[in-house]
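Heads up, the thing below is written out as structure tokens.
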Amino acid sequence: MEQYIEFIGNHPILSIIWLAIVAMLISGWFKSKFSAIKQINPQQLTLLVNREDAVVTDIRAQKDYNAGHISNAVHLSAEKAKQGDFSALEKYKSKPIILVCATGMTASGIANGLNKAGFESVFILSGGMQSWQSAGLPVVSGR
């Protein structure tokens, strides 16, 4: 215990940075645990689609969507989604919505927008299409 006190006394800036990092990790964990928006993996996506008739929503660029997407995925322009235009998804409001982007990073803001717009259950495919393709799961080309 004396060593910790001595370290903190000798390195106050490092100690503050360390505490800040720990606090950010803990708050991130709590946010993910208690968030209305859940991250799911490709296997969980498949289960949601098969058991709960979830709607896969691809928010990548149109050319990326046309090059290859998850079967029966609905395309939603990321630009429209960022503006809060979810008219293409209104008929699916009571179904689980699974957002898919390229790597899983873009979908968070749009998921929050969907949640605020009244969509009941919103999920994000963790790792996006990269994780889907890395798992060796099929994609469909074209519209």
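Data table
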read-out	value
Label-point separation, ALA61 to ILE17 (7 Å along Cα→Cβ), nm	3.7 nm
Entries of LYS31/LYS91; LYS31/LYS80; LYS63/LYS93; LYS31/LYS116 with Cα pairs more than 23 Å apart	LYS31/LYS91; LYS31/LYS80; LYS63/LYS93
12 Å Cα-Cα reach of LYS95 towards aspartates and glutamates, excluding residues that sit fewer than 8 places from it in its own chain	GLU52, ASP53, GLU120
Helical segments meeting 20 Å axial Cα length and Kyte-Doolittle 0.0 threshold in the chain (DSSP H)	12-34
Estimated vicinal HN-Hα couplings, Hz - region 133-138 in sequence order (Karplus 6.51, -1.76, 1.60; Gly, Pro = x)	6, 5, 7, x, 8, x
Shape category assigned to region 30-83 from the gyration tensor of Cα positions, a/c cut at 1.5	oblate
Structure-derived Rg/Rh (Cα atoms, Kirkwood Rh) - corresponding label in (i) 0.93; (ii) 0.97; (iii) 1.16	(iii)
Placed amide H near VAL56: partners under 5 Å, 5+ positions off or other chain	VAL74, ILE98
Ranked THR46, THR57, criterion: other C-beta atoms within 10 Å, fewest first	THR46, THR57
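Since every read-out is calculated from the coordinates, none of them should be taken as a lab result. The model shown is predicted, which means the values in this text are computed figures rather than measured ones. Neighbour counts run over all protein chains shown; Cβ positions are idealised from the backbone, glycine included.
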